[in-house]
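The values are calculated or read from the model by the stated rules, or taken from the named source; none is laboratory data. For clarity, every value in this text was computed on a predicted model and none was experimentally measured. Because the Cβ atoms are built from the backbone with ideal geometry, glycine has one as well, and the counts that use them run over all protein chains shown.
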Amino acid sequence: MNTKELILEEALKQFSKKGYDGTSMSDIAAPLGISKAALYKHFASKQQIFDRIIVESEEKYKDFFEKLSVHPGNVKNVELNKKDVDVYTGISAEGLSENVLTFVRFSMTDEYSKQVRQMMTISQFQSKELGEMYTKRYVDAMLGYDEKLFEQLIKTGVIKKGDPKVLAAMFYAPVTMYMGIWDREPNRAKECEKAIKNHVEQFFQMTRSTG
């Protein structure tokens, strides 16, 4: 790793423990054994470091979601990816639950992903701007994506008629609830995985069109 990469790694570690506002440039520099002056040679401000982490994390998530045929993006202005519709048209209950669990396990156990999520979770309470960023990233993007996907699947008769916005909330909310339990009580990870699997497969059976 070069110095910039080491700074970003340490900054993410500090942000994930104290949030953006609770972390100083000194907090980032000290564990690396460098001075604040040396830190400023690589990044002009703490904000620039934070912004770089956000951009890099979005790129990593994009690559991960590509494997699941999930492309949240800016769902209000971008057409739903046709590949996603095709994949989720033909998916089984077990296939859907495994895709969701792959996302959950990545979020909960991948060290980088976990630190980014913890950074955002803590930071959301430290400023209105960071709170809005958290909501946009972890709530609006996913709910908006699911809403558009369900809307299309209803139109093609794959799932039963209903309000796609309500269906998106019904699908996504229990998953985030169990992720929250897993976060607070890691010893309940297997229990949460089982609950998520049961929820997704039950949702699939309840909404799938039979005609």
Fill in: Sole exception among (1) more than 15 Å from the chain's Cα centre (by Cα); (2) under 24 Å from Val87 (Cβ atoms) for Ile181, by number
(2)
Worksheet item: Within the range 6-41, how many residues turn out to be in a helix (DSSP H, G or I) and under 22 Å from the mean Cα position of the chain (by Cα)?
Response: 11
Discussion item. Among the residues in the range 157-168, are any small (Gly, Ala, Ser) and either crowded, with 19+ Cβ neighbours inside 10 Å or not assigned by TED's automatic domain parsing to the domain that holds His199 (or both)?
Written reply: yes
Worksheet item: Looking at Lys114, Lys128, which is the one that is under 22 Å from Lys60 (Cα atoms) and either surrounded by fewer than 17 Cβ atoms within 10 Å (Cβ to Cβ) or at pLDDT below 95 (or both)?
Response: Lys114
Response to the item:
Residue hits (the range 122-132; part of a helix (DSSP H, G or I) and touching a residue at least 40 places away in the same chain (Cβ under 8 Å)) are Ile122, Ser123, Leu130
Fill in: The lone exception for Gly90 - which of (1) under 17 Å from Met133 (Cβ atoms); (2) modelled with pLDDT under 95 it fails
(1)
Worksheet item: Taking the condition surrounded by 16 or more Cβ atoms within 10 Å (Cβ to Cβ) and either acidic (Asp, Glu) or touching a residue at least 12 places away in the same chain (Cβ under 8 Å) (or both), does Asp84 pass?
Response: yes
